[in-house]
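The next block holds one structure in the form of structure tokens; read it before the comments.
The values are calculated or read from the model by the stated rules, or taken from the named source; none is laboratory data. A quick note: this is a predicted structure, and the numbers were derived from the prediction, not measured. Quick reminder, even Gly has a Cβ in these numbers, built from the backbone with ideal geometry, and neighbours come from all protein chains shown. Side chains are part of the model used for accessible areas, which takes the heavy atoms of the whole protein and leaves out ligands, DNA and RNA. Shrake-Rupley method; radii C 1.70, N 1.55, O 1.52, S 1.80 Å.
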Amino acid sequence: MSEKQFRLYDSLSRSVKPLTTLEPGHLRFYSCGPTVYSYAHIGNFRSFITADLVVRTALSLGWKVTWVSNITDVGHLTEDDVADAQGEDKMEKALRSKEGEQFHNVWELAEFYEDAYREDWKQLNLLEPDVRPKATQHVREQILVAEELISKGYAYETDSGIYFSVEKFAGYGKLSGNTQENLRKAVRDVVLDEEKKDQSDFAIWKKDDKHLMQWFSPYGWGFPGWHIECSVMARAYLGDTIDLHSGGEDNKFPHHECEIAQSEALTGKPFSNHWTHTAFLQVNGQKMAKSAGNFYTVRGLVADGADPLAIRFALIGGVYRKPFNFTDQGLSDAATNLERFRRAVEIALAASGEGEDKLGEELAGLFDDALEAMCSDLNTPVAIAKALEGARLITREGNLNASTGLSAKTFLERVELLLGIIGPLETAPEPVQSLPAVDEIRILGQIEARKAAKAVKNWGQADDIRNVLLAEGILLTDNPDGTVTWSRA
RNA sequence: GGUGCCGUGCCCAAGUGGCCUAAGGGGUCGGUCUGCAAAACCGAUAUUCAGCGGUUCGAAUCCGCUCGGCACCUCCA
């Protein structure tokens, strides 16, 4: 089973190819994280979950993984921009928003949204990266790289900053498919900078002594350019050449294109051997945007009663490489399926008694199919289908003996490691939510009253009791063995 | 204007040359169980893959055109 090949689409070669590692069995992986100027939305999380699924698949194959996922806590913002009501700067908007009023400065704002991001990350059951570096912790290295790129002739200084000279790097455009010629022809209102040798050149360092976040460099006060942080942090933790780099499709150009240029110009070695990009998410058939009122965040959906795991489940209902439509219907479909896994977990944990293992072989086969699907360019829908088939086998069997139960538990644990849609097995049956307290004594009393009514075949009264409790959110269930249990509806 | 992606049943969504007389989920309909429900389980639900041409012994899968949707095209992830 460990002989499987992990095939993954590579944006650079534009083909599905085996994910290879420089060191056998050890994946060194860098995934682009968010800029913490606001709450990450579920579209952001779709690409983070792709990274998480790559790691889960690798771990399921028995690989060792070193996963680095950055947090960008440097924004492009100047005091002038803040004062300008027409400004487009995201940090500025965040500071001026209702939520932004609580912050004294951008540092606090960045810290706040970083915490929120980590919480959402946990809620959606993503694994923890081995390292979560922050851009502001690596400014010194970024300055050193800028100096080295200048000395190697790839970068030059102007009055406004340090720029990377695109024409010096022959491979510029190999990821995005943009030729330098096309980039120049692009009919777009670009801010013209007469000092740049070529309008396609991009900033490594910006000189700005008014910036809300600034550092001192050989070029005076300023802040690092947009792309340099990832090049620097990937190299710091993973070496000159990494196995895989991922991000959202919007990262492909210019961000990743520029990373490649900087890193490869610096080291003379390939930056990443494999690139993967997650397609955009739509919400209820529309582009997600704050102006459209469909800007979904994890915490927003949870506040509306969504189960975080159901959000995750819904987000991986389509393959990562195709645009995906997140719908309210899809979310409730996912919640329904989630319940099926939770029932299977309850059954597996309740197993006891003598007997032969009835399901072990079949479940092992299904898990193998699910892993195979994930190894085929992260085919989550097929993997989920196989996992659901296994859950059905378990629930169909009903009462499991101890050895069958062990097989069931093993299956569910492996599915959880691979897909993360079940949650920790011990706590899975009870979704964590703050619900109003209930008067359990009263409910038990009503159950007894209904039992008495049923005993004299007063079905009307029995149904009334059940309906009244249901209206309060309490669901009564008549079990096959005659007992009655209640749960949250 | 350039570059790339997509269009599969009522809804979501796999499959990308023959095992497709198209997975899986939701929904709907029928059944088992139940006093009736709920849950679970069983069964049914696309001769067809946006449209039109073409290539091929064979196409949802390749090519062309048309229609529709999406993303990126610079210093703002």
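Restricting to the range A:317-335, what's the tally of residues that are closer than 15 Å to A:Asn284 by Cβ and either among the acidic types (Asp, Glu) or within 6 Å of RNA strand B (Cβ to nearest atom) (or both)?
So the count comes out to 10.
Out of the range A:6-55, which residues are among the basic types (Lys, Arg), in contact with a Leu (Cβ under 6 Å, 6 or more places away or on another chain) and surrounded by fewer than 22 Cβ atoms within 10 Å (Cβ to Cβ)? Let's see the steps before the verdict.
As a first pass, look at the range A:6-55 and keep what is among the basic types (Lys, Arg): A:7, A:14, A:17, A:28, A:46.
In the following step, the residues that additionally are in contact with a Leu (Cβ under 6 Å, 6 or more places away or on another chain) were identified as A:28, A:46.
Within the range A:6-55, A:Arg46 is the sole residue that qualifies.
Residue check: is A:Ala51 away from RNA strand B (no atom under 13 Å from the Cβ), at pLDDT below 90 and out of contact with any helix residue (DSSP H, G or I) (no Cβ under 8 Å at 6 or more places or on another chain)?
Working: away from RNA strand B (no atom under 13 Å from the Cβ): yes; at pLDDT below 90: no; out of contact with any helix residue (DSSP H, G or I) (no Cβ under 8 Å at 6 or more places or on another chain): yes.
Criteria not met by A:Ala51.
Going through the range A:373-411 one residue at a time, which ones are open to solvent by 10 Å² or more (accessible area, probe 1.4 Å), within 9 Å of RNA strand B (Cβ to nearest atom), polar (S, T, N, Q) and in a helix (DSSP H, G or I)?
A:Thr395
If we keep just the residues of the range A:235-255 that are part of a helix (DSSP H, G or I) and at pLDDT 90 or above, which is nearest to A:His138 (Cα to Cα)? I'd like the intermediate steps shown before the answer.
So the first thing to find is which residues in the range A:235-255 are part of a helix (DSSP H, G or I), and the list is A:235-238, A:249-255.
From what's left, at pLDDT 90 or above: A:235-238.
Values: A:Arg235: 11, A:Ala236: 9, A:Tyr237: 11, A:Leu238: 14 Å.
Within the range A:235-255, the match that is nearest to A:His138 (Cα to Cα) is A:Ala236.
Go through the range A:342-367 and give me each residue that's open to solvent by 50 Å² or more (accessible area, probe 1.4 Å), more than 7 Å from RNA strand B (Cβ to nearest atom) and not hydroxyl-bearing (Ser, Thr, Tyr). Write out each step before concluding.
Taking the range A:342-367 as the starting set, the residues that turn out to be open to solvent by 50 Å² or more (accessible area, probe 1.4 Å) are A:343, A:346, A:349-350, A:352, A:354, A:356-358, A:361-362.
Narrowing further to those that are more than 7 Å from RNA strand B (Cβ to nearest atom): A:346, A:349-350, A:352, A:354, A:356-358, A:361-362.
Within the range A:342-367, A:Glu346, A:Leu349, A:Ala350, A:Glu354, A:Glu356, A:Asp357, A:Lys358, A:Glu361, A:Glu362 qualify.
Could you tell me whether A:Ala370 is modelled with pLDDT of 90 or more, part of a helix (DSSP H, G or I) and open to solvent by less than 40 Å² (accessible area, probe 1.4 Å)?
On the way: modelled with pLDDT of 90 or more: yes; part of a helix (DSSP H, G or I): yes; open to solvent by less than 40 Å² (accessible area, probe 1.4 Å): yes.
Yes, satisfied.
When the range A:317-341 is examined, which residues are found to be open to solvent by less than 10 Å² (accessible area, probe 1.4 Å) and out of contact with any strand residue (DSSP E or B) (no Cβ under 9 Å at 6 or more places or on another chain)?
A:Ala334, A:Leu338, A:Phe341
Output the number of the condition that A:Phe253 fails; it satisfies all remaining conditions of (1) within 7 Å of RNA strand B (Cβ to nearest atom); (2) touching a helix residue (DSSP H, G or I) at 6+ places or on another chain (Cβ under 6 Å).
Here A:Phe253 clears every test but (2).
Filter the range A:207-224 down to residues that are buried (at least 16 other Cβ atoms within 10 Å of the Cβ) and at pLDDT 85 or above and give me whichever is nearest to the chain's Cα centre (by Cα).
The initial filter retains those residues of the range A:207-224 that are buried (at least 16 other Cβ atoms within 10 Å of the Cβ), namely A:207-208, A:211-215, A:217, A:219, A:222-224.
Restricting the remaining residues to those that are at pLDDT 85 or above gives A:207, A:214-215, A:217, A:219, A:222-224.
Working: A:Lys207: 34, A:Gln214: 30, A:Trp215: 31, A:Ser217: 35, A:Tyr219: 37, A:Gly222: 32, A:Phe223: 28, A:Pro224: 26 Å.
Applying the filter and picking the extreme gives A:Pro224.
Return a yes/no flag: does the range A:162-176 have any residue that is within 15 Å of RNA strand B (Cβ to nearest atom) and within 14 Å of A:Ser217 (Cα to Cα).
Checked the range A:162-176: at least one residue is within 15 Å of RNA strand B (Cβ to nearest atom) and within 14 Å of A:Ser217 (Cα to Cα).
In this structure, does A:Leu266 turn out to be closer than 23 Å to A:Asn125 by Cα, assigned by TED's automatic domain parsing to the domain that holds A:Pro34, more than 13 Å from RNA strand B (Cβ to nearest atom) and touching a residue at least 40 places away in the same chain (Cβ under 8 Å)? Don't jump to the end; show me each part of the working.
Working: closer than 23 Å to A:Asn125 by Cα: no; assigned by TED's automatic domain parsing to the domain that holds A:Pro34: yes; more than 13 Å from RNA strand B (Cβ to nearest atom): yes; touching a residue at least 40 places away in the same chain (Cβ under 8 Å): yes.
Taking the combined requirement at face value, the residue does not satisfy it.
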